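Inspection log for the structure reproduced underneath, given as structure tokens.
What follows draws every value from the coordinates through simple rules; no lab data is involved. The shown structure was predicted, so the numbers you read here are calculated from the model rather than taken from an experiment. When we count neighbours, we look across all protein chains shown, and the Cβ atoms used for this are built from the backbone with ideal geometry, even at glycine.
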Amino acid sequence: MQNKFKLSVKAREDVKKIFRYSLQQFGENQTIKYKTDLNECFQLLADNPNTGRECNDIRDGYFRHEHQSHIIFYIQKSKHIFITTIIHNRMDIKNILGTRKKT
């Protein structure tokens, strides 16, 4: 049985924005492919949560994983991973996430 992943409200909004942008810039076929790739990446992280790197300098308890041009931030829970946000790798991470403690 596969492990689970859950997306925060913010992460779901991030995914929607990524797909809207991708559809406008790259078309439907590429958007569908990236959507599949991203979901496979989420599942990979759920099955292997230590794949990501700790990033306690940004947020206590957070992990990050680079997927193509995006960075996925998540927290390891006892029965799943909780994906908190997904940002483009050119964005200012500390400005977006700050250096707050775990939420």
Longest site-free stretch - the chain; sites: trypsin sites (Lys or Arg not before Pro), DSSP loop, at most 13 other Cβ within 10 Å: 1-76
Gaussian network model of the chain, springs between alpha carbon atoms under 10 Å - residue of GLY52, GLY27, GLY61 with greatest fluctuation: GLY27
The chain: angle of helix 28-47 to the longest principal axis, Cα-based, in degrees nearest 10: 20
Principal-axis tilt of helix 9-26 within the chain, Cα atoms, nearest 10 degrees: 30
Too-long pairs where the Cα-Cα distance tops 18 Å, listed order kept, from LYS6/LYS35; LYS33/LYS77; LYS35/LYS79; LYS16/LYS94: LYS33/LYS77; LYS35/LYS79; LYS16/LYS94
